[in-house]
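Before any comments, here is the structure.
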Amino acid sequence: MTFYPYKNGRLHIEGVSLDELAARVGTPFYCYSASAMETAYTSFVAALGDLPATVCYALKANSNQAVIRTFARLGAGADVVSEGELRRAVAAGVPAKKIVFAGVGKQPSEMATALDAGILQFNVESLPELEALSRVAQEKGRVAPVALRINPDVDALTHAKISTGKAENKFGIDIPSLRGFLASAADLPGVRIEGLAVHIGSQVTDVNPYRTAFERLAGLFVELRDAGWPLERLDMGGGLGIAYRDDAAPDIKRYAEIVRETTQGVGCKLIFEPGRFLTGNAGLLVTRTVYVKHGTARRFAIVDAAMNDLIRPTLYDAWHDIRPVAQSAADAPREPYDIVGPICESSDIFAEQRPLPTVAPDDLLAICSTGAYGAVMSSSYNSRPPAPEILVRGNDYAVIRPRIDYEELIGQDRLPEWLEDEGVSSEPRGAA
Ligand code: LLP
């Protein structure tokens, strides 16, 4: 099933034409297919079958209220990594009892907010963090539910910048230091260790590293529970990748099988924290070509989206499919284009030497698979208001985040008193 059909020669998202959306909000803009998100969620849940699982959508992938609520309606919880995300999850209607708070650097004030909300668990990654949480909980006369995030020292075979499960990564508690850790943790009155957690990295496409990580996690779980720790839950993290090109997507059934095999007989509840898998292929970034420039070495299509809208190609050398909104004949000749933004950096580039049918000024292009880690990682660099977001469902659509205007953008700044004077000189060398 495609959520992005060509109809009457123009690219659509579900039943809505991208031309119509471009006319409504201008370019660049993000649009998401609600049906693609729902399908991804239900396929994830279906693969897990009768496993006792709670799926906590990792908000960091796309934290628009409408997106969170789409998943909450289907029964999802939330994986949050900051007070901001916690507040977004609660505001979108996610029950606190389905919220997991992860991250290596939680502040005491954030812990306090999460305790007051009554979340399911804090995923703790270090002894100082556990001590801080115990203090915060004790001050409130509470006991915080904790899962210890284990660093399994497993290579997730993904991009180095999004690999998190190796000993040299900042994440989790090393297995060799776990016993010493637990000896210190035993006396802390404000925490109760109820689970273990792991997350080996993101955009994981070879599911085999999961087996090693989950085996280690399940082994530790049984060992600690036998030693008397009141463990109830295993948090398997997120990370399952998507197909960015026509290459094979990771096999969700194999993934679920690995979970089943490695946790069989352990007798615990399971938590999953997928982000990209649920939203990645549900989004397009639509941009308009401003100029086409023929250099001596390259042909550039200069578009109106930029690295401030989508940083993934710049940051991770990520490859995103780029489709012209105007359908071309299957046998139309293709030429290599560099698709670049207007920002004054050579790294402001979406694709290099990409074979495309002729691109002309004003042509719309759709940058695909941008529903995860797209809008959430955008900025206003070069004083460009971030791209608006639209959610589409069937023939319906709604603007779920409008573009802010320049007044609002500039209005976020404040002048200090000493600069609040009549104005500045228009003389070439300053005040006469
Ligand atoms: N759980 C934890 C503890 C995580 O650190 C992450 C992602 C997830 C779950 C969700 O992972 P996912 O299922 O989305 O792979 N900005 C990067 C991705 C960073 C992922 C960080 N952690 C990118 O654009 O590829």
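The values are calculated or read from the model by the stated rules, or taken from the named source; none is laboratory data. The structure displayed is predicted, hence computed values, not measured ones. Positions of Cβ are generated from backbone atoms using ideal geometry, with glycine treated the same way; all protein chains shown enter the neighbour counts.
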Exercise for the section: May I ask you to list the residues in the stretch 78-100 that are within 13 Å of the ligand (Cβ to nearest atom) and within 15 Å of the chain's Cα centre (by Cα)? Expected result: A78, D79, V80, V81, S82, E85
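Without any contact (Cβ under 8 Å) to a residue 60 or more places away in the chain, surrounded by fewer than 23 Cβ atoms within 10 Å (Cβ to Cβ), within 30 Å of P342 (Cβ to Cβ) and charged (D, E, K, R): which single residue out of E20, E83 fits that description?
On the way: E83 fails: within 30 Å of P342 (Cβ to Cβ).
E20 is the lone residue from the list that is without any contact (Cβ under 8 Å) to a residue 60 or more places away in the chain, surrounded by fewer than 23 Cβ atoms within 10 Å (Cβ to Cβ), within 30 Å of P342 (Cβ to Cβ) and charged (D, E, K, R).
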Problem - Enumeration of residues in the stretch 277-325 that are in contact (Cβ under 8 Å) with a residue 40 or more places away in the chain and among the basic types (K, R) - result: R288, R298, R312, R323
Completion exercise
Listed by range, strands (runs of 3 or more DSSP E) wholly within the stretch 266-341 having at least 2 residues that are more than 16 Å from the ligand (Cβ to nearest atom), exposed (fewer than 15 other Cβ atoms within 10 Å of the Cβ) and not aliphatic (A, V, I, L, M) are 283-294, 335-340
Exercise for the section: Answer yes if at least one residue in the stretch 184-197 is modelled with pLDDT under 95, away from the ligand (no atom under 13 Å from the Cβ), farther than 30 Å from A117 by Cα and of a type in the set (D, E, K, R), and no otherwise. Expected result: no
Handout entry: In the stretch 344-373, the residues that are in a strand (DSSP E or B) and either on the phi > 0 side of the Ramachandran plot or basic (K, R) (or both)
Key = Q353, R354
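Would you be able to tell me the number of residues in the stretch 403-424 that are within 22 Å of E389 (Cα to Cα) and without any contact (Cβ under 8 Å) to a residue 40 or more places away in the chain? Break it down stepwise before answering.
In the first step, residues of the stretch 403-424 are kept if they are within 22 Å of E389 (Cα to Cα); the result is 403-412.
Restricting the remaining residues to those that are without any contact (Cβ under 8 Å) to a residue 40 or more places away in the chain gives 404-412.
Looking only at that region, the number is 9.
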Practice task
Select from the stretch 232-250 the residues that are crowded, with 18+ Cβ neighbours inside 10 Å, part of a loop (DSSP other than H, G, I, E, B) and of a type outside the set (G, A, S) and list them in ascending order.
Solution key: M236, I242, Y244, P250
Exercise for the section: Being in a helix (DSSP H, G or I) and in contact with a strand residue (DSSP E or B) (Cβ under 6 Å, 6 or more places away or on another chain) is the filter; apply it to the stretch 131-188 and report the residue that is farthest from L231 (Cα to Cα). Expected result: I162
Handout entry: Unmet requirement for A213, which otherwise passes all of (1) within 16 Å of E129 (Cα to Cα); (2) within 14 Å of the ligand (Cβ to nearest atom); (3) not in a strand (DSSP E or B)
Key = (1)
